[in-house]
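Presented below is the structure to which this report refers.
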Amino acid sequence: MEKIRNVADFTDHHIEKKRILDESKQFSRIKIGICLLLYFTVIFLQVWFSSFSNIAGVVAQLQVMISVCLVVIAKEKGYRIGVAINLLASTFVGIIIVLGAGNLEAIPGIMVPLSTIIIISIISFYGKRVDSNLAEVAAQKKELSVLYDELANSEKEVLEQNQKLRELNRKMKQREVRLNYLAYTDVLTGLPNREMLVNKLDYLVEQSQDKQAPFAVVFIDLDSFKKINDYKGHHIGDLLLKSIADRIKKIVLQQDMLGRLGGDEFTLIIQRDLSEAEIFEYVEKIRMALLETFVVENMNLNISASFGIARYPRDGVTATELLNYSDIAMYKAKEFGKNRVQFINGQA
């Protein structure tokens, strides 16, 4: 359908163009006809005036004007017609008036057409040069227009490519942020994962070696969490883990880090120099908060947790040692009946 429409448009354009060209040719013929009529009228007047007046020479100047008009309005065709009628006029005046009638005063009437031929030849020559220059300028203009269009298209393509590159770069940055988030974040709770916790401990150990600034690691393990997964299902278990994480986060101070090691195990890094009594009070507050009933999908769930604590540098000087000793302390808390806070050195 589109192809048929394009063909129809081309046909209409061709017909319109042909109509305009035909009208232009017809108008040009009319102008040439008027010039010829005027020219031969001038010849007649020249012959008529030559028999009784000297004004014939003045009238003859109209030949020049009409011949020039022919060259201007019809160019190549007008020039040929102008040469032909001026030769005809010169021959006519020479034979009929000068030789036939013996009127030597009409000799200028012979020279005027010859001079006219020279004049229109000069005009035609320079007109062709002007047309050639104009055609050259038009060709250069068209070439410049093509180059400009190509440049504009190239610039548009570059802009589009830059836009695509910016969009691609934006998406890559989003993916990078997302991958970085997934690499160091526990998807379920949104807490730092084991990788992030270990990196943080390594950093604290490195920073604390010179300053010997103490800090503590708290290992948190939920008591009897497996029963909830077994009896309520893993979906409920996951929702409960999220609720537990949210409740602990409300207690943990901003300068400390709470993370999830995996399963029902959490770790709290206390980055401040606190005494054992202050650490115990801080962790005890978390333990007590977890004893409050959780409501998960209209079900009341109760849970407790056991806490094991190791301190740097007293109990360990590496991330691995601190995690291991806090884990051991947590198992001691479970051995002593669960739901309690236990330091690795035996204090509770």
In this structure, the FRET efficiency calculated for Lys173 and Asp202 from their beta-carbon separation, with R0 = 22 Å, to the nearest 0.05, is 0.25
Can you give me the pair-distance distribution of segment 303-348, C-alpha pairs, 5 Å bins, whole percents?
6, 29, 31, 18, 11, 4, 0
Convex hull (Cα only) mean projected area of segment 143-302, reported in nm² to one decimal:
16.3
Paramagnetic reach from Arg247 (point 7 Å along Cα→Cβ, amide N under 18 Å) across segment 158-199:
189-191
Distance in nm between pseudo-label sites at Asn345 and Ala84 (7 Å out along the Cβ direction from Cα):
12.8
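Dipole size in debye (nearest 20) for segment 226-300 around its Cα centre, Lys and Arg Cβ +1, Asp and Glu Cβ -1?
Here the size comes out at about 260 debye.
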Provide the FRET efficiency to the nearest 0.05 for the Glu157-Met299 pair, computing r from the beta carbons and using R0 = 56 Å.
0.35
What value does segment 151-192 have for Rg/Rh, both radii from Cα atoms and Rh as Kirkwood defines it?
1.39
With the convex hull built on the Cα atoms of segment 277-335, state its orientation-averaged projected area in nm².
5.2
Distance between modelled label sites at Ile122 and Thr318, nm, 7 Å Cα→Cβ extension
10.9
Taking a label point 7 Å from the Cα of Gln254 along the Cα→Cβ vector, which residues of segment 188-210 have an amide N closer than 20 Å to it?
191-192
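Values quoted throughout were computed directly from the atomic coordinates according to the rules given, and no laboratory measurement underlies them. These figures come from a predicted structure and were not determined experimentally. Using ideal geometry, Cβ is built from the backbone for each residue, glycine included, and neighbour counts are taken over all protein chains shown.
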